[in-house]
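Novice: Could you have a look at this structure, given as structure tokens, before my questions?
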Amino acid sequence: MFELAPSILSADFANLEDGIRKVESGGATVLHVDVMDGHFVPNITIGLPVVRSLRKATSLIIDTHLMISEPGRYAAQFVEAGADMVSIHVEADPHLHRTLSAIRNAGAKAGIAINPATPLFALEEALPYADFVLVMSVNPGFGGQAFIPTSIAKVRRLREMIRERGLETRIEIDGGIDEHNVLDVVEAGAEIIVAGSAIFGKSNPAEAVRTMLNRATAWV
Ligand code: DX5
Ligand code: ZN
């Protein structure tokens, strides 16, 4: 099932509730929350207290993308704070199996995030323990960057890897996606599409959500 996940990284942090209402009214089903620690990535954003507040403010699926070092120390805490999906970076965690299991045991969907320059075989062994894979189509850290075109072939190869193993792992894609390339990534096999600046950077975010949903479902 195709889903659009607006990233609040590009929203006004002083008016998050307003931003959420807008994307809800446009038909978004997932809210993407970028957690950055200034160590794994060169930027600092938000953490557990904000996720707790978001949980009270919306019934959308809360998808926390942990761009932090040692995610195993915090992953289950994000589930307790209200996250429905938690992704951890393959580059940040030498114990993927342990952390993915901890996320599932805490009651959320567990995801592996992978940077543009990291080969897919780095996550191969952990694939059966993940509910989804988040393919980064920009280098993580900032919104508004240009989509890296080789990400399309990577999504295709990942889709094949999942099919060959008889798994039901979903593919999420994040970075540089807008109404012009959303159809390409959906056609390649991505099901959960993250978009920040293409939604919150527009004067009418609800309309931007509707436009992207329409473009993407043109293929289905
Ligand atoms: C980047 C974040 C993304 C970001 C995407 O490190 O993981 O979720 O918000 O922003 P856009 O859609 O503007 O590239
Ligand atoms: Zn993200």
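Novice: What are the lysines whose alpha-carbon lies under 21 Å from the alpha-carbon of residue 202, with same-chain residues fewer than 8 places away excluded?
Specialist: 22
Novice: How far is the Cα center of segment 13-51 from the Cα center of segment 185-204, in Å?
Specialist: 15 Å
Novice: Here is a follow-up. What is the local net charge at residue 110, summed over the other residues whose Cβ is closer than 15 Å to its Cβ (Lys, Arg +1; Asp, Glu -1)?
Specialist: -4
Novice: Follow-up question, since we're still on this one. Could you compute the net charge surrounding residue 99? Neighbours are other residues with a C-beta less than 14 Å from the C-beta of residue 99; K and R count +1, D and E count -1.
Specialist: Net charge around residue 99: -1.
Novice: Further question: Counting only heavy atoms of the protein chains, get the accessible area per residue of the chain (1.4 Å probe) and round it to a whole Å² value.
Specialist: Accessible surface, normalised per residue, equals 44 Å².
Novice: Note down the net charge around residue 157, summing +1 for each Lys or Arg and -1 for each Asp or Glu among other residues with Cβ under 14 Å from its Cβ.
Specialist: Result for the local shell: +2.
Novice: Mind checking which lysines have their Cα closer than 24 Å to the Cα of residue 154? Skip sequence neighbours fewer than 8 apart in that chain.
Specialist: Cross-link targets: 109.
Novice: Related question: Quick one: which of 120-126, 186-192 comes out on top by average Cβ neighbours within 10 Å, and what's the full order, highest first?
Specialist: Going from most to least packed, we get 186-192, 120-126.
Novice: Let me ask something else. Would you mind checking which residues have amide H under 5 Å from residue 3's amide H? H placed 1.01 Å from N; only 5 or more apart, or other chain.
Specialist: Hits under the 5 Å cutoff: 192, 193.
Novice: If Rh is defined by the Kirkwood formula over all Cα pairs and Rg also comes from Cα, what ratio Rg/Rh do you get for the chain?
Specialist: Result for the chain is an Rg/Rh of 0.93.
Novice: Then there's this: Pairs of Cα atoms under 8 Å, at least six residues apart: use those to get the relative contact order of the chain, whole percent.
Specialist: 21 percent
Novice: Let me ask something else about it. Return the Rg/Rh value of segment 1-93, two decimal places, where both radii are evaluated on C-alpha atoms and Rh is the Kirkwood radius.
Specialist: 0.96
Novice: With all protein chains present, how much of the accessible area of the chain (probe radius 1.4 Å) comes from carbon and sulfur, to the nearest whole percent?
Specialist: 52 percent
Novice: Note down the relative contact order for segment 81-166 as a percent, whole number, built from C-alpha pairs under 8 angstrom at least six residues apart.
Specialist: Averaging sequence separation for qualifying contacts and normalising by length gives 25 percent for segment 81-166.
Novice: Turning to a different aspect of this structure: Simple spin-label model, 7 Å along Cα-to-Cβ: residue 53 to residue 183 in nm?
Specialist: Those two pseudo-labels are separated by 4.0 nm.
Novice: Where the only charges are on Cβ atoms (+1 Lys, Arg; -1 Asp, Glu), what is the dipole of the chain about its Cα centre, to the nearest 20 debye?
Specialist: For this selection, approximately 200 debye.
Novice: Given labels modelled 7 Å from the Cα in the Cβ direction, how far is it in nm from residue 39 to residue 168?
Specialist: The modelled label-to-label distance comes out at 3.6 nm.
The values are calculated or read from the model by the stated rules, or taken from the named source; none is laboratory data. All values derive from a computational prediction rather than experimental measurement. Positions of Cβ are generated from backbone atoms using ideal geometry, with glycine treated the same way; all protein chains shown enter the neighbour counts. Note: areas computed on protein heavy atoms with side chains; ligands, DNA, RNA excluded. Shrake-Rupley method; radii C 1.70, N 1.55, O 1.52, S 1.80 Å.
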